[in-house]
Each structure stands twice: as C-alpha cells, then as structure tokens.
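In what follows, a structure is listed as structure tokens, so that the remarks can point back to it.
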Amino acid sequence: MGTKKWEEASAIQTRVMKESWPEPKVIPNGPCKQVIIKEHNIDLRKQIPKVWFTEGQAFITGLVTVSKDPETGEKNVGWYRYGFFDTHPQTGALYSEEKRKRCLQGYIFWNPPLSHIGRQFAKAVKMGKPLEVAIVGPCDPTIHAAACTDMPYGKDEFAFAGAMRGGPVELVKCETVDLLVPASAEWVLEGEVIPGTDELNWGHAHGMGYLDFGYVLPSIRIKCITHRENPLWYATTESKPPWDHQYIIFLNRYLLESIRSHIPEVKDITMPVPGITVIQLAIDGADREPEIGKRVMNALWSMPRLPGVYKFVVVVGPDINPYDIQEIGWALWTRCQPIRDSISQKVLAMFEDPSVPEELEGPQKNKLIGEVIGFDALIKVPEYYPKFQKVVEPSKEEVEKISAKLSQELSN
Ligand SMILES: Cc1cc2nc3c(=O)[nH]c(=O)nc-3n(C[C@H](O)[C@H](O)[C@H](O)COP(=O)(O)O)c2cc1C
C-alpha cells in the first residue's frame, strides 16, 4: 500500500471504502502456476512447509481461502487456518497415510458463529455435495487485509484489495476447481471440503494464548498444488499475544466505517492492549447527545460476526489518546462511575475464550453465549453535571524549564 505505517494503511483503507473498486481482471497464466502437482503425486507432508511454534496441531496460518456460494455463486475470500492431520487426539495413533498425505482440517466454522465460508459449506452439506476451495498465499498484502476484514457477505474482497493497491487484482483459473485465484500468489492449494467428515481436532493452540480441548471440524481433500519456483511462505503464531493478527485487526476499518455511517461522532476504534477495545468520539461534553457512549457500545456489539471479541470496551472523548493506556486508565478513573456508567449484555462469544463454558457437545460442540461490558468514560456533561472540573497539567514550557534547570544542577 506504499507505506510502512499501519495508521497510514488504515487511512487508505478508510478512503477507498467510499470509492468505486476496480473489478478483478482474469488473465491466461501467472507465476503461481510455475510448478503443478496433481492428485496421486500430492504429499502435503513433503510439499507444504510445516511451520509451527508451539504445542498442539500444526496449522497453516497465513493463507487465504477462495470459495463460491453453491446456491448463488457469490464469491468469498476469507482468512482461515488449516490443521495438518498427524496423530489422532484420543488414541494417539497416526491418521491414515492417505489422510496425512492429502487432507487438511479446516477451521471454517460452519456451526455458530458462522464464518462466510462456513455459511457456504452449510449450504453444500444440505445439497449433499462438496464445497470447492482454493487456499492461496502469500498474495499481495492488500488481499490478506481484505480477507480478514468483516465485510458484508457477497462483497468482493478482490475488488476491495484492488482499490487499496491502486489497480485491479489479476486472477487466473484454477486447474481442478471452478475458482479464480490471484495470479501472483506464491502457493495455491486446490481442493474440496467434504460433507460428513466432521471430527474432533487435535489440541488447538489459539490466539487467546491457550491450548484448548478441540473443535469438531470438516476435512478438505487437496486435489492439486500449484506454486512458484522457490516460493515464499508466511506463517504467524497462535499463542499468547502479541501476535500478527493483533496488528492486522488495527487495519480493519470496515467495522469503524460501518458504525460511523450511523454515528458520525465515532472517530476511532482500537485495541491498544489485548482484550481492551477503545472507542474514541470526536466530541465530548455538552456538544454531544446525552448518553451517546452507551449507544456507540451497543452499535459495536451489534455489527461483527463475533461481538465477544469486544468483551471490554471503553468510550473516551477527543482529548484522550486511544492508543495510550495511561490516558485510558486516567479517563476511566476520573470520568466514569463503574456501575452508573457501564452497560453489559450477553452476546455471541469469541469461541476461543476459555472463560466461556462449552454449551453443546457432539457435532455442534462449540461455545455460544458470552458476556460483554462497556464503560462510558466520557465527561458527563450534560447528564450529571452542568460543568466539569478543569484538567490540571504542567505546560510543556514549565516542564522544559525545570528539566533544563535540573540538568544544569546535576552536571555541576
Ligand atoms: C491470522 C488469522 C487467522 C485467522 N483464523 C481464522 C480461522 O481459522 N477461522 C475463522 O473462522 N476465522 C479466522 N480468522 C478471522 C477471519 O479471517 C475473519 O473473521 C474474516 O472476517 C472472515 O472472513 P468472512 O467474514 O468472509 O468469513 C483469522 C484471521 C487472521 C488474521
């Protein structure tokens, strides 16, 4: 995107969201096809880099998935992980040779909370047929950014990526599935998600920093691998934060723009430390509508696929830096009465949250209902006070004067 700063990348994403997006262009061939490995020549154990940093099932963490709605043909590009089959979680025995060579376990949640590919797979299961997929990457970074953005179903992630990179994304036809993939990708794994293959995975190391007890997930059978000569690989950890997606989440301006289209006073949404979401408003005090902080928090929890990600929320005014934990703490401490100014509710949980109990067993084993709480740390004028106390802090000049004097004293 022509910048090394994520704030600038975020600004580009925000700008292009309001512009028209260039349609992707289909071209006859691309570097992703320099090497082609088909059917019985495939052995994932030998051909796919297995980069893993921690305990539990090893995953492919850095590729994005292209798929199509089996009913409407609507495309989706999403960022999902794929586990290698190795040892069975319960018996400790190795999976079959065929499974270890040709299959991956897809973290494409088709139980609630549904990912978009999960929605497509649920339809395919009803229709009794497999769902074709192409697992691709590393691609142009804008494609990865678009793939992990909470975009409405049916919006074209490739077109959005094209808008961010400043030109149409070039696509090529896959060899064995009816899908189009970025021509410049390093790797393409073509295959299909097979109905009826749900099983409990290995211990699952996840981004909240724990090894959980596993999920029931379907298998993907790989039909063809294509890649560049000397291809690059990208992997990220699934472990205690910080990790890559904490930074990738910062780039996700889609949610911000969706809320802002209803409540233009919202200036920024960020997660300066794991688990704490800060919403900054552009105005505070008597300039804004009463109790807007609560309306904004309800808007945040009503938009995304997993509202439970936004488990602890703080709303601050324009004078508080939403990236500075000192300032956020001060705002909470001095502008918020914890009971009077908080709201909480039950929402769809972050399914990896170890503090949420599992509610269902068997094929639907998953976590469903979690809790969220938000603290309104805006200045409560006009709600409770006609005016608020003035902030006291030394001026920059005063600090510099004392600092210079102290340096002089110390050097004597
Ligand atoms: C590194 C990384 C790994 C992710 N892994 C998964 C995953 O395994 N399964 C999943 O459903 N979402 C995963 N996500 C989140 C999704 O990419 C995100 O919810 C995205 O909006 C999904 O696309 P969709 O809305 O088209 O389903 C991951 C995101 C990142 C950045």
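Determine whether segment 53-73 contains at least one residue that is within 16 Å of the ligand (Cβ to nearest atom) and in a helix (DSSP H, G or I). Give the derivation first.
Step one: filter segment 53-73 for residues within 16 Å of the ligand (Cβ to nearest atom), giving 53-54, 56-70, 72-73.
Narrowing the set further to residues that are in a helix (DSSP H, G or I) leaves none.
Within segment 53-73, none of the residues are within 16 Å of the ligand (Cβ to nearest atom) and in a helix (DSSP H, G or I).
You will find that of 99, 126, the residue that is in a helix (DSSP H, G or I), away from the ligand (no atom under 12 Å from the Cβ), at negative phi and without any contact (Cβ under 8 Å) to a residue 12 or more places away in the chain is 126 and no other.
For residues in segment 102-114 being within 29 Å of residue 33 (Cα to Cα) and not in a helix (DSSP H, G or I), which is farthest from the ligand (Cβ to nearest atom)? Going through the qualifying residues, I end up with 103. Given the structure, is residue 239 at pLDDT 90 or above, out of contact with any helix residue (DSSP H, G or I) (no Cβ under 7 Å at 6 or more places or on another chain) and farther than 23 Å from residue 143 by Cα? No: the conditions fail for residue 239.
Taken over segment 297-324, residues that are touching a strand residue (DSSP E or B) at 6+ places or on another chain (Cβ under 6 Å) and over 15 Å from residue 380 (Cα atoms) amount to 10. With respect to residue 26, is the statement that it is modelled with pLDDT of 95 or more and touching a Leu at 6+ places or on another chain (Cβ under 9 Å) true? Yes, satisfied.
Inside segment 271-286, can you point out the residues that are within 16 Å of residue 384 (Cβ to Cβ) and of a type outside the set (A, V, I, L, M)?
Across segment 271-286, the qualifying residues are 284, 285.
Going by what's in this entry, would residue 354 be described as in contact with a Phe, Trp or Tyr (Cβ under 7 Å, 6 or more places away or on another chain) and in a loop (DSSP other than H, G, I, E, B)?
Working: in contact with a Phe, Trp or Tyr (Cβ under 7 Å, 6 or more places away or on another chain): yes; in a loop (DSSP other than H, G, I, E, B): yes.
It is true that residue 354 is in contact with a Phe, Trp or Tyr (Cβ under 7 Å, 6 or more places away or on another chain) and in a loop (DSSP other than H, G, I, E, B).
Scanning segment 35-64 for residues being surrounded by 15 or more Cβ atoms within 10 Å (Cβ to Cβ), over 21 Å from the mean Cα position of the chain (by Cα) and closer than 28 Å to residue 207 by Cβ gives a total of 4.
Taken together, the residues in segment 21-52 that are part of a loop (DSSP other than H, G, I, E, B) and of a type in the set (S, T, N, Q) amount to 2. Look through segment 197-226, keep the residues that are touching a helix residue (DSSP H, G or I) at 6+ places or on another chain (Cβ under 8 Å), more than 30 Å from residue 273 (Cα to Cα) and not β-branched (Val, Ile, Thr), and return whichever of them is modelled with the lowest pLDDT. Here the answer is 198.
State the number of residues belonging to segment 281-310 that are among the basic types (Lys, Arg) and within 16 Å of the ligand (Cβ to nearest atom). Give the steps one after another, and end with the answer.
Initially, segment 281-310 is screened for residues among the basic types (Lys, Arg), giving 288, 294-295, 305.
Okay, now just the ones that are also within 16 Å of the ligand (Cβ to nearest atom), so 305.
Residues flagged as among the basic types (Lys, Arg) and within 16 Å of the ligand (Cβ to nearest atom) within segment 281-310 amount to 1.
Criterion applied to 346, 294, 365 was being at pLDDT 95 or above, touching a strand residue (DSSP E or B) at 6+ places or on another chain (Cβ under 6 Å) and either crowded, with 18+ Cβ neighbours inside 10 Å or not assigned by TED's automatic domain parsing to the domain that holds residue 201 (or both), and the one residue passing it is 294. The set of residues in segment 137-148 being over 10 Å from residue 161 (Cβ atoms) and either touching a Leu at 6+ places or on another chain (Cβ under 8 Å) or more than 6 Å from the ligand (Cβ to nearest atom) (or both) consists of 137, 138. The set of residues from segment 108-152 being small (Gly, Ala, Ser), surrounded by 20 or more Cβ atoms within 10 Å (Cβ to Cβ) and in contact with a Pro (Cβ under 8 Å, 6 or more places away or on another chain) comprises just one member, 124. Inclusion of residue 292 among residues that are β-branched (Val, Ile, Thr) and closer than 22 Å to residue 139 by Cα is not warranted.
Counting only residues that are of a type in the set (Asp, Glu) and under 21 Å from residue 48 (Cα atoms), which one in segment 162-219 is surrounded by the fewest Cβ atoms within 10 Å (Cβ to Cβ)?
For segment 162-219, the residue satisfying everything is 175.
The values are calculated or read from the model by the stated rules, or taken from the named source; none is laboratory data. Note that the structure is predicted; figures quoted are calculated from it, not measured. Because the Cβ atoms are built from the backbone with ideal geometry, glycine has one as well, and the counts that use them run over all protein chains shown.
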